[in-house]
Amino acid sequence: MSRFAISVRGVAKDFPVGDDNIRVLHDINVDVNAGELTYLVGESGSGKTTLISIIAGILYPTEGRVQVFDTEIYDLSDNELVMFRLANIGFIFQQYNLIPTLTAAENAAIPLIADGMKRDEAVERGRVLLEKLNIANQADKFPRQLSGGQQQRVAIARALVHEPRLIVCDEPTAALDAKSGRRVMDLLREVALSEDRAVIIVTHDNRIFDLADRILAMEDGRITHDGRDKAILMQEDAQ
Amino acid sequence: MANQKDKQEVNWVAIRMLTGDRVKFIGLVFGVAFSTLLITQQLTIFVNLLMRGGVAVQEVSTANVWVMDPATRTADVIYPMPITALDRVRSVSGVAFASPLLRSNASIRTPEGDLEGVTVIGVDDSSLVGIPRRMFEGDPARLMDPDAVFIDDVGSRKLFAPGQTVIGSQLELNDQRAIIKGIVDSTPTFTAQVTLYTRYSNALNFVPGTRNRLSFVLVRSDANVSPETLAGRITEQTGLKARTTQQFTRDGIDFIIENTGIPINFGITVVLGVIVGVAIVGLTFSLFIRDNIKQFGALKAIGVTNRKIMVMVAAQSGLVALIGYGLGLTMAAGFIGGGAAGSDDFKGFYMPYQIPLITAALVLAIIALTGFIAIRSVLKTDPASVFR
């Protein structure tokens, strides 16, 4: 078994523009260790969302290979890939994308229900996770009745409820104030990280850079900084 | 991960997504219900109007073969025969009995002094073959009385105000006296005229006419001869046109189809029902899907397969179809049942079992079409779009 949670080799991605293709990722090679909180940072259009989509198995690369916990995910059939995501990957979206007509506990239970678990059992497990995230008293409320921070916690619960090994987050603190953002990140680190898991976060939010174990910076579809020297990045960002 | 696999659970999410958006859910159910009501109600009225083209034939239960001049087309479009036709028919082997029937139009002066067109039916003087099987009021034997006529129940309500005495009332029928001695329970014919039943001999007096007055010979076949065989035999031996009850009923219906705009008009309404259904359901369903496209995208990213997404949309469509169809059908049944009970215009109307089946097929088509359009956008949604 590889010591890496994620191994990306020679990944490139083209998008069609009119009759031509435009390359938005160029020969990306990166490994992500298990037990690390990895940030993917960069300007808009730098390719970080494309890269995280490819790593998460929801966007096919034009070239290259991606291994997630020793599985060559793009060697899988479409259905196998969907089932792999369901079993191994948790998603936290910037806009939360909670189902407005389900309660917090029911939203949290979605991956388990999608996997065929009995509804009552799944919702109960969602409830347990909400308790862990300190919003047990909001479990029977609908998303519209929750604050942004509470909705983000429900989204985190949904990402974790099926105990995935890889968690991918897209701007998880973008819609939150500094205090709530930090609390969400603390929670994520506490709940999500363990020796056999990895968390990748796409973010612009320099308020939370200090919480990262590793930061990958991107520019024009290339990784321009890869390391644990967060101070450099934080200084650059400050300038 | 879960051990107990139950694929139905994801449908619960789909149903909650749908029913939680009450405005759109009600809109969808209303669309299907309205289409169902429109299609079912219009088809039912259409079929019952057509059936009235054969009512006059079906009311005569004792005969199973109708004999007529070859030019006669229906019970209302008649070319009379000489009375000798009766004996010629009686001479054919396999005829159990043969009775004369006269059908003609006449005018009466109503108790209020108005003029009203009526259909006069003259039945066999001795056997009374040709009067409807059910009496609403009175005794069939009273038709033997001088100048006696029976009136149909719808006609009696048309001519007489509620509470007014009908039995024993006199009518001025083509300038002659007719006395109402009974009310028969019959279904109105397509022409919806008041119908008066009388003996054949009386009818000859009531209705002025040409040399030939006999409209039909009503025949009952022997037990060992089928009506079809006997009809063929009568035509062969007499040169007259002979039709079984079923055939002649169908002739009356076909005449309406061929000679009126009813099928086109009702057909247009049914098509409009389908179009309205597709428009309302299609637009509302598309709006619902559009509003939830991010959620569907998220579900796909999380790991819900396209097949499960299709099952989810099918469950949503199925629920809308089931509730909407049930509501629409109940409303249509209420309309037809209530109309049949409370209005002479709808007397005898019923909903043949084929109509709910046809409506169900059309509703399924509406749902399948709108569901297909809706699901295309869901299936085309790139799961990666949730990160954009």
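Considering only DSSP beta bridges where both residues belong to the protein assembly as shown, give the percentage that are antiparallel (nearest 5).
Numbers: 54 of 84 bridges.
Given both bridge residues lie in the protein assembly as shown, the antiparallel proportion sits at roughly 65 percent.
Counting Lys +1, Arg +1, Asp -1, Glu -1, what net charge surrounds residue A:203 among other residues with beta carbon under 11 Å of its beta carbon?
Values: positive: A:48, A:207; negative: A:170, A:171, A:205.
Value of the local net charge: -1.
For the full complex of protein chains and a 1.4 angstrom probe, list A:185, B:351 by accessible area with the highest value first. Kindly include the intermediate steps, with their values, before the conclusion.
Working: A:185 0, B:351 50 Å².
Ranked list, largest accessible area first: B:351, A:185.
For chain A, find the longest principal axis of its Cα atoms and tell me its angle to the long axis of helix A:148-160, 0 to 90°, nearest 10.
Roughly 80 degrees between the two axes.
Given a 1.4 Å probe, how much area per residue of the range A:116-224 is accessible, in Å²? Mind showing how you got there, number by number?
Details: 4620 Å² over 109 residues.
I get 42 Å² per residue for this part.
Assuming a viscosity of 1.567 mPa s and a temperature of 4 °C, what translational diffusion coefficient in µm² per second does Stokes-Einstein assign to the range B:143-198, Rh being the Kirkwood radius over Cα pairs?
Details: Rh = 11.5 Å.
For these conditions, the coefficient is 113 µm²/s.
Mind giving me the FRET efficiency for residue A:132 and residue B:354? R0 is 51 Å, r the Cβ-Cβ distance, nearest 0.05 is fine.
Values: r = 60 Å, r/R0 = 1.17.
Between residue A:132 and residue B:354 the formula returns 0.30.
Please report the net charge: other residues with Cβ closer than 11 Å to the Cβ of residue B:301, K and R +1, D and E -1.
Working: positive: A:85, B:294, B:300; negative: A:170, B:382.
Net charge around residue B:301: +1.
Mind checking the alpha-carbon convex hull of the range A:61-219 and giving the volume per residue in Å³? Provide the component values of the computation, followed by the final result.
Numbers: hull volume 20.7 nm³, N = 159.
Output value, Cα hull per residue: 130 Å³.
Over the range B:82-239, what is the percentage of antiparallel beta bridges among all DSSP beta bridges, to the nearest 5?
Details: 24 of 36 bridges.
Looking only at bridges with both residues in the range B:82-239, the antiparallel portion is about 65 percent.
Give me the accessible area per residue for the range B:266-333, probe 1.4 Å, as a whole number in Å². Write out the running numbers ahead of the final one.
Details: 2650 Å² over 68 residues.
Here the per-residue accessible area is 39 Å².
What spacing in nm lies between the two simple spin-label points modelled at residue A:196 and residue B:192, each 7 Å away from Cα in the Cβ direction?
The answer from the label model is 8.1 nm.
What spacing in nm lies between the two simple spin-label points modelled at residue B:265 and residue A:219, each 7 Å away from Cα in the Cβ direction?
8.0 nm
In the structure displayed, which of B:294/B:380; A:118/B:380; B:300/B:380; B:308/B:380; A:118/B:308; B:158/B:181 lie more than 21 Å apart, Cα to Cα? Intermediate results must be reported in sequence, preceding the final value.
Working: B:294/B:380 12 Å; A:118/B:380 29 Å; B:300/B:380 11 Å; B:308/B:380 14 Å; A:118/B:308 16 Å; B:158/B:181 17 Å.
Listed pairs above 21 Å: A:118/B:380.
Once neighbouring chains are kept in place and the probe is 1.4 Å, which whole percent of the accessible area of chain B is contributed by carbon and sulfur?
On the way: 10040 of 17060 Å².
The C+S portion of the solvent-accessible surface of chain B is 59 percent.
Please compute, for peptide A:98-110, the average count of beta-carbon atoms on other protein chains lying within 10 Å of each residue's beta-carbon. Could you put the intermediate results ahead of the total?
Numbers: counts 3, 10, 6, 12, 6, 1, 0, 0, 3, 2, 0, 2, 8.
Going residue by residue through A:98-110 and averaging, the value is 4.
What total accessible area, in Å², is buried where chains B and A meet, using a 1.4 Å probe and rounding to the nearest 100? Intermediate results must be reported in sequence, preceding the final value.
Working: alone 18700 and 11530 Å², together 27060 Å².
Roughly 3200 Å² of accessible surface disappears when B and A pair.
Please check: in the Gaussian network model of chain A (C-alpha springs, under 10 Å), which one of A:207, A:165, A:153 has the largest mean-square fluctuation.
A:207
If R0 is 56 Å, what FRET efficiency do you get for residue B:71 and residue B:16 from their C-beta distance, rounded to 0.05?
Numbers: r = 68 Å, r/R0 = 1.22.
Calculated transfer efficiency: 0.25.
Between residue B:286 and residue B:250, with labels modelled 7 Å along Cα→Cβ, what's the label distance in nm to one decimal, could you check?
Once both label points are built, they end up 4.5 nm from each other.
Given a 1.4 Å probe and heavy atoms of the protein chains only, how would you sort A:216, B:364, A:76, largest accessible area at the top?
Details: A:216 5, B:364 115, A:76 40 Å².
The most accessible residue leads, giving B:364, A:76, A:216.
Return the percentage of antiparallel bridges among DSSP beta bridges fully within chain A, rounded to the nearest 5 %.
Around 55 percent antiparallel, to the nearest 5.
Choose one answer from A:104, A:174, A:12: the residue with the largest mean-square fluctuation in a GNM of chain A with alpha-carbon springs under 10 Å.
Looking only at A:104, A:174, A:12, the largest GNM fluctuation is found for A:174.
Between residue B:93 and residue B:145, take the C-beta separation as r, use R0 = 35 Å, and let me know the FRET efficiency to the nearest 0.05.
It comes out at approximately 0.45.
When you look at the Cβ of every residue in A:57-68, what mean number of other chain Cβ atoms sits within 10 Å?
Working: counts 4, 11, 5, 1, 0, 0, 0, 0, 0, 0, 0, 0.
Across the residues of A:57-68, the mean count of other-chain Cβ atoms within 10 Å is 2.
What is the gain in length, in nm to one decimal, between residue B:322 and residue B:105 on full extension, counting 0.36 nm per residue of separation less the C-alpha to C-alpha distance?
On the way: separation 217, 0.36 × 217 = 78.12 nm, distance 4.93 nm.
Computed gain between residue B:322 and residue B:105 is 73.2 nm.
To the nearest 10 Å², what's residue A:219's accessible area with a 1.4 Å probe?
Approximately 110 Å² of residue A:219 is accessible to the 1.4 Å probe.
Rank these by accessible area, largest first, 1.4 Å probe: B:152, B:87. Please list the in-between numbers first.
Values: B:152 5, B:87 100 Å².
So, going from the largest accessible area down, we get B:87, B:152.
Which three extents, in whole angstrom, do the alpha-carbon atoms of the range B:82-239 cover along their principal axes, largest first?
50, 32, 29
Using a 1.4 Å probe and ignoring any ligands, DNA or RNA, find the accessible area of residue B:145 and quote it in Å² to the nearest 10.
Around 40 Å² of this residue is reachable by solvent.
Quick one: accessible surface of residue A:74, probe radius 1.4 Å, all protein chains present, in square angstrom to the nearest 10.
40 Å²
Provide the per residue accessible area, probe 1.4 Å, for the range B:82-239, rounded to a whole number of square angstrom. Spell out each step's value before the answer.
Numbers: 7150 Å² over 158 residues.
For the range B:82-239, the solvent-accessible area averages 45 Å² per residue.
Take the Cα of residue B:175, step 7 Å along the line toward its Cβ, and report every residue of the range B:204-241 whose backbone nitrogen sits under 17 Å from that point.
B:204-210
Just round it to a whole percent: the fraction of Cα-Cα distances in the protein assembly as shown exceeding 40 Å. Before the final figure, lay out each step's value.
Working: 103572 of 196251 pairs.
Roughly 53 percent, rounded to a whole number.
The values are calculated or read from the model by the stated rules, or taken from the named source; none is laboratory data. Bear in mind that the values here come from a model prediction, so they are computed numbers and not experimental data. Because the Cβ atoms are built from the backbone with ideal geometry, glycine has one as well, and the counts that use them run over all protein chains shown. Only protein heavy atoms, including side chains, enter the accessible area calculation; ligands, DNA and RNA are left aside. Shrake-Rupley method; radii C 1.70, N 1.55, O 1.52, S 1.80 Å.
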